[in-house]
Amino acid sequence: MAELKLMKGNEALAEAAIRVGVDAYFGYPITPQSEVIEYLMTERPEERTGMVVLQAESEIAAINMVYGAASSGKRVMTSSSSPGISLKLEGISYLAGAELPAVIVNVVRAGPGLGTIQPAQGDYYQAVKGGGHGDYKLYVLAPASVQEMSDFVEDAFAIAYKYRAPVLILSDGLIGQMMEKVTLKDQKERMTDEELINKYDDWATTGKTDRERNIITSLDLQPEKMEAKVNKLVKKYAKMEREDLRYERINCDDADYLFVAYGSSARIAQKAIELGREKGIKVGLLRPITLFPFPKQQLFELADQVKGILSVELSAGQMVDDVRLAVEHKVPVEHFGRTGGIIHTPEEIIEALEEKIIKNGIIRHHKTRESSIL
Amino acid sequence: MELLDIIKPENQVFCKTKLMTDTPLSYCPGCGHGTAHNLVMEVVDEMGIAADTIGVAPVGCSVLAYDFMNIDMTQAAHGRAPAVATGIIRTWPEKYVFTYQGDGDLAAIGTAETIHACNRGENIVIVFVNNGIYGMTGGQMAPTTLKGMRTSTSPYGRDIETMGSPIKMTELVANLPGVYYATRHAVHTHKHARKAKKALKKAFENTRLKKGLSFVEIVSNCNSGWKMTPNDSNDWMVDNMFPYFQLGDIKVNGKLK
């Protein structure tokens, strides 16, 4: 039964995993996402749906358990936070290279290094620019509410199986830890082994019957074959851009200025829009829901309408690069964001818009970008 | 007798299992990997479990094991095969899952995954081929390289003072309660190969009986890496490897010998 509950983002995600019929979760504790595995262990999903939950000895082991289960066709996921995701990157690159469907969740904390356990969005580059080695990309979903933490689990698996590719849910410590109302979906049945074998018999290693043997590997020692493999991935990513881009336009129709923000920053930017409009500044928000694919065309078109764009992230300025690439110098694009686990206020965001764009926009447009981080 | 008569099935005393493909082995002539592959596949064939067996290939010389073994296989990242196998067996508990790993893969980069899969008693078979060297990358020092043994990264011989002693993985994991069977074999003679096959059969039987983890080490040669002829490398293995890595059972039916 669908039900309305008050839950933490991390818990809502874990509950959604059970309800959408995930077969297995492998994880390792790290703040601020440990509630995911704690919730799953407490809920006994093996009794509710037969879902397997296992605490691995490391993030590296967890992502490779994901690789194993995914290679034999099972719907499998893992979650971690920034330093743990760094450890998983080898496995994520292998998942992409071997074309395996899986869902990885990053509840981002501030870095670099051990950093701190408070929220941040400093893993944007890692998420959308590869992160691990080789020519691959991840489909990246960025939830901005507890509801989306829940809903995106099913969406992520749909994409993972549509493309046979790993999908990343890029959350952050704020969305993971905060409590909100969430409507939980009805329980779905897990696929039976027979159904799974029928569906994925052309690739999954479920045991060689009368068919040719199935092999899961990312290795190809012949350069021509390896290049063909990479080209296949490139086509897959192009298709994602054509068919599965997601974004949200908020107060954009009459906007003179634009915020670009995802996840928790998008929530705060929405409040900043209210403050700005009270002051007479007509500002809107383009919220990328997918960070790859990125709403490039939408930004390119909005740049014809607005006088300047402020990219707002809890980072020293990462997504701003993609905003600038999309806008192609039509209007000034600046970054604003706090780091170190500090969350910017709506007031700071409006102030930054006034200082960096409205007052200096035309002049800065022609300046070099060297000071953009500050 | 004509050749065609000789190869008639009723005249054959030995034939290649159908679970080995016709792809020519990529191993150096004289290497023990081919025999070890064949034994694993013979056991799977004879037990009639091929349709329910999933192999996990490592990184190392046997990375291409899936080219030679005619069953479903997944190739794991370096050292991660026991974690990959865990992911499979936990979601397919009725299957037979084995990893096939070398010493660099299992005893160096994958030590954590090996120890913890063993400690959890995952219901899998680990086939550990130990030749005391990194074969694929060109003969570098492994955690199992013997004292004083020359490799490309220990050109003056392995120095125990700075590099520690060669790890006896099978003895090490045998001490974990999750390991039900730990044994060490060789495949350089028919007699040894037959014993190794018996051990592999017992290991897969343990999976069938859901007894936990079976760890079968095969001490092998690396004539290319050791820079010897195949015959010399086998002699060297007998004289040097066997005294340190002693053949035989270390733990049987959950009891240390």
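Note on segment B:49-86: residues that are surrounded by fewer than 21 Cβ atoms within 10 Å (Cβ to Cβ) and away from every other protein chain (no Cβ under 12 Å) total 0.
Any residue at all in segment A:16-26 that's outside any helix (DSSP H, G or I) and under 30 Å from A:Gly340 (Cβ atoms)? The answer is no; no qualifying residue exists. Residues in segment A:205-226 that are outside any loop (DSSP other than H, G, I, E, B), touching a helix residue (DSSP H, G or I) at 6+ places or on another chain (Cβ under 6 Å) and free of Cβ contacts under 8 Å to residues at least 40 places away in the same chain: how many? Residues meeting the conditions: 1. The set of residues from segment A:85-106 being under 18 Å from A:Asp172 (Cβ atoms) and crowded, with 24+ Cβ neighbours inside 10 Å comprises A:Ile85, A:Lys88, A:Val103, A:Ile104, A:Val105, A:Asn106.
Every listed requirement among (1) assigned to a helix (DSSP H, G or I); (2) out of contact with any Pro (no Cβ under 8 Å at 6 or more places or on another chain); (3) within 14 Å of chain B (Cβ to nearest Cβ) is met by A:Thr42 save one, (3). Out of A:Lys239, A:Lys225, one residue alone is within 14 Å of chain B (Cβ to nearest Cβ) and surrounded by fewer than 17 Cβ atoms within 10 Å (Cβ to Cβ). It is A:Lys225. The single condition among (1) within 26 Å of A:Gly91 (Cα to Cα); (2) crowded, with 22+ Cβ neighbours inside 10 Å; (3) of a type in the set (Val, Ile, Thr) that B:Val44 does not meet is (1).
Residue-by-condition table, conditions (1) more than 25 Å from B:Asn119 (Cα to Cα); (2) over 22 Å from the mean Cα position of the chain (by Cα); (3) within 14 Å of chain B (Cβ to nearest Cβ); (4) not charged (D, E, K, R):
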residue	(1), (2), (3), (4)
A:Met7	yes, no, no, yes
A:Ala14	yes, no, no, yes
A:Phe26	no, no, yes, yes
A:Thr31	yes, no, no, yes
A:Thr49	yes, yes, yes, yes
A:Leu54	no, yes, yes, yes
A:Asn64	no, no, yes, yes
A:Gly68	no, yes, yes, yes
A:Tyr94	yes, no, yes, yes
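So for segment B:90-97 (the condition being crowded, with 24+ Cβ neighbours inside 10 Å, over 26 Å from A:Thr192 (Cα atoms), at the interface with chain A (Cβ under 8 Å from one of its Cβ atoms) and among the hydroxyl-bearing types (Ser, Thr, Tyr)), does at least one residue qualify? No, because not a single residue in segment B:90-97 is crowded, with 24+ Cβ neighbours inside 10 Å, over 26 Å from A:Thr192 (Cα atoms), at the interface with chain A (Cβ under 8 Å from one of its Cβ atoms) and among the hydroxyl-bearing types (Ser, Thr, Tyr). Which residues, counting only those in segment A:70-84, are at the interface with another protein chain (Cβ under 7 Å from one of its Cβ atoms) and either of a type in the set (Lys, Arg) or surrounded by fewer than 24 Cβ atoms within 10 Å (Cβ to Cβ) (or both)? A:Lys74, the sole residue that qualifies.
Applying the condition of being farther than 26 Å from B:Arg120 by Cβ and among the charged types (D, E, K, R) to segment B:191-224 and asking which residue is surrounded by the fewest Cβ atoms within 10 Å (Cβ to Cβ) yields B:Lys191.
Of the set (1) out of contact with any Pro (no Cβ under 7 Å at 6 or more places or on another chain); (2) within 24 Å of B:Cys118 (Cβ to Cβ); (3) buried (at least 19 other Cβ atoms within 10 Å of the Cβ), all apply to B:His188 but (2). Among the residues of segment B:139-147, is there at least one that is assigned to a loop (DSSP other than H, G, I, E, B) and either over 19 Å from the mean Cα position of the chain (by Cα) or closer than 21 Å to B:Lys255 by Cα (or both)? Yes, that holds for at least one residue. For segment B:178-205, name all the residues that are in contact with a Cys (Cβ under 6 Å, 6 or more places away or on another chain) and either among the acidic types (Asp, Glu) or outside any loop (DSSP other than H, G, I, E, B) (or both). If the condition is that a residue be in contact with a Cys (Cβ under 6 Å, 6 or more places away or on another chain) and either among the acidic types (Asp, Glu) or outside any loop (DSSP other than H, G, I, E, B) (or both), then B:Val179 is the only one that fits.
So which strands (runs of 3 or more DSSP E) are wholly in segment A:280-336 and hold at least 1 residues that are touching a Phe, Trp or Tyr at 6+ places or on another chain (Cβ under 8 Å)?
Qualifying strands (runs of 3 or more DSSP E): A:283-288, A:290-292, A:308-312.
Among the residues of segment A:245-267, those identified as outside any loop (DSSP other than H, G, I, E, B), of a type outside the set (Phe, Trp, Tyr) and surrounded by fewer than 22 Cβ atoms within 10 Å (Cβ to Cβ) are A:Glu248, A:Arg249, A:Ile250, A:Arg267.
Listed here are the residues, each with its yes/no results for (1) within 17 Å of B:Val216 (Cβ to Cβ); (2) among the hydroxyl-bearing types (Ser, Thr, Tyr).
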residue	(1), (2)
B:Gly55	yes, no
B:Tyr66	no, yes
B:Val84	no, no
B:Gly87	no, no
B:Pro93	no, no
B:Gly104	no, no
B:Thr114	yes, yes
B:Asn131	yes, no
B:Met141	no, no
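The residue list B:Thr17, B:Thr21 contains one member that is at pLDDT below 95 and either within 21 Å of B:Tyr181 (Cβ to Cβ) or within 14 Å of chain A (Cβ to nearest Cβ) (or both), which is B:Thr17.
Quick check, is A:Pro101 more than 12 Å from chain B (Cβ to nearest Cβ), touching a residue at least 40 places away in the same chain (Cβ under 8 Å), within 30 Å of B:Met73 (Cβ to Cβ) and not β-branched (Val, Ile, Thr)? The answer is yes for A:Pro101.
The criterion of at least 1 residues that are assigned by TED's automatic domain parsing to the domain that holds A:Arg48, surrounded by fewer than 23 Cβ atoms within 10 Å (Cβ to Cβ) and on the phi > 0 side of the Ramachandran plot is met by none of the helices (runs of 4 or more DSSP H) falling completely within segment A:107-204.
The values are calculated or read from the model by the stated rules, or taken from the named source; none is laboratory data. None of the values given here were measured: they were computed from a predicted structure. Note that we place each Cβ from the backbone using ideal geometry, even for glycine, and neighbour counts take in every protein chain shown.
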